[in-house]
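The values are calculated or read from the model by the stated rules, or taken from the named source; none is laboratory data. Keep in mind it's a predicted model, so treat the numbers as computed, not measured. All Cβ positions, glycine included, derive from the backbone under ideal geometry; neighbour counts span all protein chains shown. In case anyone asks, the SASA skips ligands and DNA or RNA and just uses the protein heavy atoms, side chains included. Shrake-Rupley method; radii C 1.70, N 1.55, O 1.52, S 1.80 Å.
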Amino acid sequence: MKSDLSVYYSTKICPNSNPRTEPITKITIHHMAAVTSAMACAASFYNPHRQGSANYCIDGKEIICCVPEERRAWTSGSKWNDQRAITIEVANSTGKPKWEISDAAYKNLIKLCVDICKRYHITPAFNNTKNASFTFHYMFQATECPGPWIKSHTMQIIEDVKAGLKGETILDPEPAPAPEPKPEPKNLVKVTVPTLNIRSGPGTKYKVVGCIMDKGVYTIVEKKSGWGKLKSGKGWIYLKY
């Protein structure tokens, strides 16, 4: 059995799966370990040496059913979770370190989750424990999966699935807030003497390589023993003057 939104990768049973023995009460979202397609990801799960699989593989174009829902996929490193969860691998568009997914892949993810929740009467919920109806790989194994992008959009995923269950339109995901840029460290000094030597190092033992005669304002990028290194790279000046 599969979602009507999907197509089967193969009529053959995926070798990396078992009959499901528990009722479906969860959804577990993963990100693919490489920037690849849903079809390529599903194909990899048919290699018995892979020792892994998922019920669904998603990208921005299609939803592939790799392991039918009545079977347990080998996805989360936890038989307990995989017996109860329909597991989903989502194509990422950037790879490390953010593992971002495209707007199109996001919409396919939400549509599939809405369909699963409808058919199995799952109420979308997340509380960062294995007992919630939405779980993640990192809860069961030491892994970064599903990556910072999906993690930062967890509550939006929950709300969008709830909205989809009400028949509301699924919007594009909001971009994760960008970290505020750190201000460039600056240390401005004003020359107060008519002539100030510039030396090759922080001290009078270093040779004079130039001089300042404009009583201007200069940026210091390093301080040492009362001397300052000019941002221009020309040398060091004595900060007392």
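Compute, for the chain, the length of the dipole vector about the Cα centre, with Cβ point charges of +1 (Lys, Arg) and -1 (Asp, Glu) only. Units Debye, rounded to 20. Present the calculation step by step, with values, prior to reporting the outcome.
Details: 33 positive and 21 negative charges, 332 e Å.
The dipole of the chain has a size of about 1600 debye.
Once you have a ≥ b ≥ c as the square roots of the Cα gyration tensor eigenvalues for segment 194-241, tell me rounded if a/c is under 1.5, and otherwise prolate or oblate according to whether a/b is larger than b/c.
Values: a/c = 1.41, a/b = 1.14, b/c = 1.24.
Judged from the Cα gyration tensor, segment 194-241 comes out rounded (a/c under 1.5).
Among 146-154, 126-134, 13-21, what's the highest-first ranking by average C-beta atoms within 10 angstrom per residue?
146-154, 13-21, 126-134
Provide the per residue accessible area, probe 1.4 Å, for segment 96-171, rounded to a whole number of square angstrom. Don't jump to the answer; show the numbers that get you there.
Values: 3830 Å² over 76 residues.
Per-residue accessible area for segment 96-171 comes out at 50 Å².
Sum up the charges of everything whose Cβ sits under 15 Å from the Cβ of ASN128, counting Lys and Arg as +1 and Asp and Glu as -1, but leave ASN128 out. Present the calculation step by step, with values, prior to reporting the outcome.
On the way: positive: LYS26, LYS130, LYS151; negative: none.
With Lys, Arg at +1 and Asp, Glu at -1, the net is +3.
Please tell me the relative contact order of the chain in percent, rounded to the nearest whole number, where contacts are Cα pairs under 8 Å and at least six residues apart. Could you put the intermediate results ahead of the total?
Working: 489 pairs, mean separation 37.3, N = 241.
Normalised by residue count, the contact order of the chain is 15 percent.
How much net charge surrounds SER78 when only other residues with a Cβ under 15 Å from its Cβ are counted (Lys, Arg +1; Asp, Glu -1)? Don't skip to the end; give the middle numbers.
Working: positive: ARG20, LYS26, ARG72, LYS79, ARG84, LYS130; negative: GLU22, ASP82.
Net charge in that neighbourhood comes out at +4.
Can you tell me what the convex hull of the Cα atoms of the chain projects to on average, as an area in nm²?
Details: hull surface 79.0 nm².
With every direction weighted equally, the projected area is 19.8 nm².
For the chain, find the longest principal axis of its Cα atoms and tell me its angle to the long axis of helix 103-120, 0 to 90°, nearest 10.
40 degrees
Take each of the peptides 54-61, 27-34, 73-80, average the number of other beta-carbon atoms within 10 Å over its residues, and list them starting from the highest. Walk me through the numbers before you get to the answer.
Working: 54-61: 26.1, 27-34: 22.8, 73-80: 19.9.
Highest to lowest by the protection proxy: 54-61, 27-34, 73-80.
Can you tell me the relative contact order of segment 190-230? Whole percent, Cα pairs under 8 Å, sequence separation 6 or more.
Numbers: 63 pairs, mean separation 15.7, N = 41.
Result for segment 190-230 is 38 percent.
Which of LYS61/LYS111; LYS118/LYS162; LYS26/LYS162; LYS12/LYS111; LYS207/LYS229 have a Cα-Cα distance over 22 Å?
Numbers: LYS61/LYS111 13 Å; LYS118/LYS162 10 Å; LYS26/LYS162 14 Å; LYS12/LYS111 26 Å; LYS207/LYS229 14 Å.
In this structure, LYS12/LYS111 exceed 22 Å between Cα atoms.
Measure nothing fancy, just the Cα-based angle from helix 154-165's long axis to the longest principal axis of the chain, in degrees from 0 to 90, nearest 10.
The helix 154-165 is inclined about 40 degrees to the chain.
Grab the DSSP H runs of the chain that are 4 residues or longer, score each as -39,500 (n - 2.57), total them, divide by all residues and round the 222 nm result to the nearest 500 deg cm²/dmol.
The per-residue figure over the chain is -6000 deg cm²/dmol.
Mind checking Rg over Rh on segment 1-138, alpha carbons, Kirkwood formula for Rh? Intermediate values should be presented prior to the final figure.
On the way: Rg = 13.5 Å, Rh = 14.7 Å.
Radius of gyration over Kirkwood radius for segment 1-138 works out to 0.92.
With the contact rule set at Cα under 8 Å and sequence spacing of 6 or more, what percent relative contact order holds for segment 60-129? Write out the running numbers ahead of the final one.
On the way: 43 pairs, mean separation 19.2, N = 70.
Relative CO of segment 60-129 lands at 27 percent.
Among residues other than ALA54 whose Cβ falls under 14 Å from its Cβ, what is the net charge (Lys/Arg +1, Asp/Glu -1)? Don't skip to the answer; put the middle values down first.
On the way: positive: LYS2, ARG20, LYS26, ARG50, ARG71, ARG72; negative: ASP59, GLU69, ASP82, GLU89.
Result for the neighbourhood of ALA54: +2.
Have a look at the DSSP beta bridges in the chain and tell me what percent are antiparallel, nearest 5. Display every interim value, and only then the final one.
Details: 21 of 35 bridges.
Taking every DSSP beta bridge with both residues in the chain, the antiparallel ones total about 60 percent.
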